[in-house]
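The values are calculated or read from the model by the stated rules, or taken from the named source; none is laboratory data. Being a predicted model, the structure only gives us computed values, none of them experimental. A quick note on method: Cβ atoms are made from the backbone with ideal geometry, for glycine too, and the neighbour counts reach across all protein chains shown. Heads up: the accessible areas ignore ligands, DNA and RNA and are worked out on the full protein's heavy atoms, side chains in. Shrake-Rupley method; radii C 1.70, N 1.55, O 1.52, S 1.80 Å.
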Amino acid sequence: MIREFLRERSIKESVDLKLIPCAVTMGNLSCGIIAILAIIQEEMHLAPLFILLAGLFDVFDGRIARGLGATSDLGKELDSLADIVSFGIAPAVLVWRVGLIELGGFGLLLVVLFSMAGALRLARYNITEFDGSYVGVPITVAGALLAFVSFFSYKYSVPVELLILLIILLSYLMISKVKIPKL
């Protein structure tokens, strides 16, 4: 429908349609960066909001690309790079700052574990053909859940053992072979 609208108005010739979903993906990336900056500024209540907002951008970039017939390898790779920042690094740094910082090197190891598992999950997704179900928990789900629990922990002090267990479990589930149907 959108594609026909643009064709009728000959906008397609003057605008590279692939730039539109890429701009939305940049919104995802921007939210991830702002979440990290909020953590640095000790605004822990803002970081989860920007991580969740990044999730909205992530939902719409693919839908817009498919709706415009403007999917591309560049868009797919850009989406993964934005996702590792917004759903791999930002939530891991947030959980570290609100609950794991006192663990020293072990806390840092957990942050790296989560981020590396997310990167592996994204790389595997990029090289496999999508058959209607995800293999492993998507990084967007794992990162959003970690951000939510981190926010809850910041407000109400979740036991550090639960945070450790959650990070290990989510890291494993991202790289597991568990099949999850796309909703």
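Would you mind checking which residues have amide H under 5 Å from Tyr134's amide H? H placed 1.01 Å from N; only 5 or more apart, or other chain.
Under 5 Å from the amide H of Tyr134 lie the amide H atoms of Ile180, Lys182, each far enough along the sequence or on another chain.
For the stretch 96-146, report the accessible area per residue in Å² (1.4 Å probe, heavy atoms, rounded to an integer).
On a per-residue basis, 50 Å².
For Leu110, what charge total do you get from the other residues with a beta carbon under 15 Å from its beta carbon, if Lys and Arg give +1 and Asp and Glu give -1? Kindly include the intermediate steps, with their values, before the conclusion.
On the way: positive: Arg97; negative: Glu102, Glu161.
Charge balance near Leu110 sits at -1.
Rounded, prolate or oblate: which fits the stretch 31-93, taking a ≥ b ≥ c as square roots of the Cα gyration tensor eigenvalues, rounded meaning a/c under 1.5, else prolate when a/b beats b/c?
It comes out prolate by the Cα gyration axes.
For helix 139-156, report the angle its Cα long axis makes with the longest principal axis of the Cα atoms of the chain; keep it between 0 and 90° and round to the nearest 10°.
Long axis of 139-156 versus the principal axis of the chain: about 40 degrees.
What translational diffusion coefficient, to the nearest whole µm²/s, does the chain have by Stokes-Einstein, given a Kirkwood radius computed over alpha-carbon pairs, a temperature of 20 °C and 1.002 mPa s viscosity? Don't jump to the answer; show the numbers that get you there.
Details: Rh = 17.0 Å.
Answer, rounded: 126 µm²/s.
Pull out the extension gain between Arg63 and Ala23, defined as 0.36 nm times the separation in residues minus the alpha carbon to alpha carbon distance; nm, one decimal.
Contour length minus the Cα-Cα distance gives 13.1 nm.
If Lys and Arg each add +1 and Asp and Glu each add -1, what is the summed charge of the other residues whose beta carbon sits under 10 Å from the beta carbon of Met44?
Working: positive: Arg97, Lys155; negative: Glu42, Glu43.
Spelling it out: positives minus negatives among the neighbours equals 0.
If I compute solvent accessible area with a 1.4 Å probe over the protein chains, what percent of it on the stretch 74-174 is carbon and sulfur?
Answer for the stretch 74-174: carbon and sulfur cover 73 percent of the accessible area.
Tell me the chymotrypsin sites (Phe, Trp or Tyr not before Pro) within the stretch 86-160 that lie in a loop according to DSSP and have at most 10 other beta-carbon atoms within 10 Å.
Values: sites: Phe87, Trp96, Phe106, Phe114, Tyr125, Phe130, Tyr134, Phe148, Phe151, Phe152, Tyr154, Tyr156; in loops: Phe130.
Answer by residue number: Phe130.
Let me know the longest stretch in the chain that avoids all GluC sites (Glu not before Pro) found in a DSSP loop with at most 10 other C-beta atoms within 10 Å.
43-128
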